[in-house]
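> The structure's right below; bear with me while I get my questions together.
The values are calculated or read from the model by the stated rules, or taken from the named source; none is laboratory data. Please read these numbers as outputs of a predicted model, since none were measured by experiment. As a convention, Cβ positions derive from the backbone with ideal geometry for all residues, glycine included, and neighbour counts pool all protein chains shown. SASA here: full protein model, heavy atoms, side chains in, ligands and nucleic acids out. Shrake-Rupley method; radii C 1.70, N 1.55, O 1.52, S 1.80 Å.
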Amino acid sequence: MNRLKVPSSFSRILDTVLPPHSLITGKVLSSSDNDADTELWQHLKFIDDPCCTACGFPFEFEQGEEALCMRCHAHKPDFDHARAAITYDDNSRKLILDFKHGGRTDGVKFFAAQMLRSGGQILEGADMLIPVPLHQKRLRQRRFNQAALLARSISGLNGIPYQTELLRRTKNTPSQGGQTFSGRRRNVSGAFSVSPEHGDLLKGKHVVLIDDVFTTGSTLSACAKTLKRAGAIRVDALTFMRVVRPQEILK
Ligand SMILES: [Zn+2]
């Protein structure tokens, strides 16, 4: 991406009149922060078509509308379609770790806007957004569910209601970091349930699950299975980031 060359004296005047704001958080930045922010923005990899119709794994070449990646071909996930906005890699990692573990929530609007862009097709006609729940114990430690913040922000942009009470995490599964695909699947198997008092809300509905990162898809698939058993007819998944290379599995 070419950067617009602005004479430094003019740039300083501009900074005085209009101090630089983060492209991601919207916060006022010092000049060194501003350089780092612009650098980060330029290195984010946005995910577009073509991709696996099921899990959204990006393909280098168009392979047909219903093409599946090798992994989905071998083991089809329980969600119908998953899409993500940005590739999880060395450049983007800090954004999500600051959000998830550092409690920095000032980028949520930016994350939600990118998810809206990449999730256009799966959000069309959706009845509700459901954030992937944290177990109560984990929620108390972290103080907020990052997936719920994303769902609320997307709902504010497109008007699709979000529902945080319906899906529950009943098993406090150990961290998924570093586990293999099959280990992750076993880990989250039976970890979710639908609250009996809200179960009827799902009958015949098109649900979009919301989470921060798609790692192997095991958690999203387990959630989708639970929601379909309770009557949802279609369950898609939308995340801000996606691990594309297996060695970058989120720790
Ligand atoms: Zn796939």
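> Gain in length, D98 to Q141, computed as 0.36 nm per residue apart minus the alpha-carbon separation, to one decimal in nm?
Values: separation 43, 0.36 × 43 = 15.48 nm, distance 1.55 nm.
This chain segment gains 13.9 nm when fully extended.
> Would you mind computing the Rg to Rh ratio of the range 62-121 from its alpha-carbon coordinates, Kirkwood style for Rh?
Working: Rg = 14.9 Å, Rh = 14.0 Å.
That ratio equals 1.06.
> Provide the per residue accessible area, probe 1.4 Å, for the chain, rounded to a whole number of square angstrom. Write down the numbers at each step before the final one.
On the way: 13430 Å² over 251 residues.
On a per-residue basis, the chain sits at 54 Å².
> Now for a different question. Could you report the accessible area of E39 in Å², rounded to 10, computed with a 1.4 Å probe on the protein chains as they sit in the structure?
Taking all protein chains as shown, E39 has close to 90 Å².
> Counting helices only, and only those DSSP H runs with n ≥ 4, report the 222 nm mean residue ellipticity of the chain as the sum of -39,500 (n - 2.57) divided by its residues, in deg cm²/dmol to the nearest 500.
Details: 10 runs with 91 residues, N = 251.
-10500 deg cm²/dmol, from helical runs alone.
> Pairs on different chains or at least eight residues apart, Cα atoms closer than 17 Å: how many lysine pairs in the chain fit?
Close lysine pairs under the 17 Å cut-off: 16.
> Convert each backbone phi in the range 55-67 into a coupling constant with the Karplus relation 6.51 cos²θ - 1.76 cosθ + 1.60 (shift: θ = phi - 60°), then list the ³J(HN,Hα) values in order as whole Hz, x for Gly and Pro.
In residue order, the calculated couplings are 9, x, 4, x, 9, 6, 10, 4, 10, x, 4, 9, 5 Hz.
> Ignoring any ligand, DNA or RNA, what whole percent of the accessible area of the chain comes from carbon and sulfur when the probe is 1.4 angstrom?
That fraction is 52 percent.
> Also, quick follow-up: Hey, with R₀ at 22 Å, roughly what FRET efficiency would D89 and F59 work out to, going by the Cβ-Cβ distance, to 0.05? Intermediate results must be reported in sequence, preceding the final value.
Values: r = 17 Å, r/R0 = 0.79.
After rounding to 0.05, the efficiency reads 0.80.
> Karplus couplings for the range 185-190 from phi (6.51 cos²θ - 1.76 cosθ + 1.60, θ = phi - 60°), rounded to Hz, Gly and Pro as x?
Rounded to whole hertz, the list is 5, 5, 4, 9, 4, x.
> Moving to a separate point now. How do D35, D211, D78 stack up against each other in accessible area, from largest to smallest, with a 1.4 angstrom probe? Let's see the in-between values first.
Working: D35 90, D211 20, D78 60 Å².
Largest to smallest exposure gives the sequence D35, D78, D211.
> In sequence order, what are the phi-derived ³J(HN,Hα) couplings for the range 129-135 according to the Karplus relation 6.51 cos²θ - 1.76 cosθ + 1.60 with θ = phi - 60°, rounded to whole Hz, with x for glycine and proline?
Result, ordered by residue: 9, 10, x, 5, x, 9, 5 Hz.
> Hey, can you grab everything whose amide H is under 5 Å from the amide H of F214? Only 5+ residues off in sequence or another chain; H modelled, so Pro and N-termini drop out.
Answer set, sorted by chain and number: M241, R242, V243.
> Tally Lys and Arg at +1 and Asp and Glu at -1 over the other residues with C-beta under 9 Å from the C-beta of G231: what net charge comes out?
+3
> For the chain, what's the radius of gyration and Dmax over Cα atoms, in angstrom?
19.2, 65
> If you don't mind, there's one more thing I want to ask. Among P20, A36, L202, whose Cα lies farthest out toward the positive end of the dipole of the chain, if unit charges sit on the beta carbon of Lys, Arg (+1) and Asp, Glu (-1)?
Toward the positive end, the furthest listed residue is L202.
> Two decimals, Cα atoms only, Kirkwood Rh: what is Rg/Rh over the range 111-251?
Values: Rg = 14.3 Å, Rh = 15.2 Å.
Rounded to two decimals, Rg over Rh is 0.94.
> In terms of the Cα gyration tensor, with a ≥ b ≥ c the square roots of its eigenvalues, is the range 95-166 rounded because a/c is under 1.5, prolate because a/b exceeds b/c, or oblate? If you can, show how the numbers build up before the last one.
On the way: a/c = 2.60, a/b = 1.39, b/c = 1.86.
Oblate shape, in that a/c is at least 1.5 and b/c is the bigger or equal ratio.
> Under the rule of at least 5 residues apart or a separate chain, name every residue whose amide H is placed under 5 Å from the amide H of L209.
The answer is I130, D236, A237, L238.
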